[in-house]
Amino acid sequence: MIHGTHRVAPGLVFLLPAFLLGLLATTQVQTQSRRAFVPSPYSSQDSVKLTEAALALQREEASLKIELGGLRVELADVQSRGANVSAEAAQVYAQIDQLREAAGLSEVSGPGIVITLDDARLPATRDVRSIVSAIVHSEDITDVINAAWGGGARAIAVNDERITGASACVGSTIQINGTLMSPPFRITVVGQTDELQRALNDSRTLADLRARKAIFGLGFDIARADDLRIAAYSGALNIRYATAR
């Protein structure tokens, strides 16, 4: 599960500084009126420079994720070759593979569901409270993720970012695994389709999203899928404590 219950702070290597992220959010506020309501205390020139710096950090982060992913593939190859040494080694590496999947470090594929969350398109003349209710917040994504885990999900990704115990969904400008995102948000879930749909369609689950869809036109759709692929987590693992179950 993610923030609210089991969210863990993401690796510092990949997090943009909170101060810079706040300024970037302010910039988006100015250019996307439907997602912004706070006037910026900074000049437009300052905002442009800060946005450029944030985008540069984002590109660097993406490059580091690719490099880290390649190293993890090499490590998995070394481990698979080590499994051929003996029966005992094969058993150990089989356990490692299970742990890798549980930690989100291996690709997962199979049937499941896709949930799409998107901002409603309300006119700017609507009151602020309505506009706030008509956009997707980080808490909405968190609620959907937690509901999917409750329905027995094997793996979850948001806009192709794998969700793990090291993930966090934070910010007014939504950030997952250190990656800034904008709507629509495509939440891919691999698992038993019927169980997942029961969990997500339960009237006691995600009631607020359903109400805002009906009243404000918030985008909230659930669809079955027969063949989904969720890539391995590509970010840093900064977990200091863990307990085996």
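GLU139 - would you say it is within 30 Å of ARG210 (Cβ to Cβ), loosely packed, with under 15 Cβ neighbours inside 10 Å, at pLDDT 80 or above and out of contact with any Leu (no Cβ under 8 Å at 6 or more places or on another chain)?
Answer is yes for this residue.
Which residue is surrounded by the most Cβ atoms within 10 Å (Cβ to Cβ), if the candidates are limited to segment 203-225 and must be touching a Gly at 6+ places or on another chain (Cβ under 9 Å) and not hydroxyl-bearing (Ser, Thr, Tyr)?
LYS213
Give me a count of the residues in segment 185-204 that are polar (S, T, N, Q), in contact (Cβ under 8 Å) with a residue 24 or more places away in the chain and over 17 Å from ILE141 (Cβ atoms).
So the count comes out to 3.
List pairs: first in segment 146-165 and more than 21 Å from GLN98 (Cβ to Cβ), second at pLDDT below 90 and surrounded by 19 or more Cβ atoms within 10 Å (Cβ to Cβ), Cβ under 6 Å, 6+ apart or cross-chain?
Close Cβ pairs (under 6 Å, with a partner that is at pLDDT below 90 and surrounded by 19 or more Cβ atoms within 10 Å (Cβ to Cβ)) amount to VAL158/ILE176; ASN159/MET181; GLU161/ILE176; GLU161/ASN177; GLU161/THR179.
In this structure, does VAL189 turn out to be more than 17 Å from SER133 (Cα to Cα) and either charged (D, E, K, R) or in contact with a strand residue (DSSP E or B) (Cβ under 7 Å, 6 or more places away or on another chain) (or both)?
yes
How many residues are at pLDDT 90 or above and within 17 Å of the chain's Cα centre (by Cα) if we restrict to segment 91-111?
Of the residues in that region, 1 qualify.
Could you check ASN159 against (1) closer than 30 Å to ALA124 by Cα; (2) buried (at least 18 other Cβ atoms within 10 Å of the Cβ); (3) touching a strand residue (DSSP E or B) at 6+ places or on another chain (Cβ under 8 Å); (4) not β-branched (Val, Ile, Thr) and say which number it fails?
(2)
The values are calculated or read from the model by the stated rules, or taken from the named source; none is laboratory data. Source: prediction; values computed, not measured. When we count neighbours, we look across all protein chains shown, and the Cβ atoms used for this are built from the backbone with ideal geometry, even at glycine.
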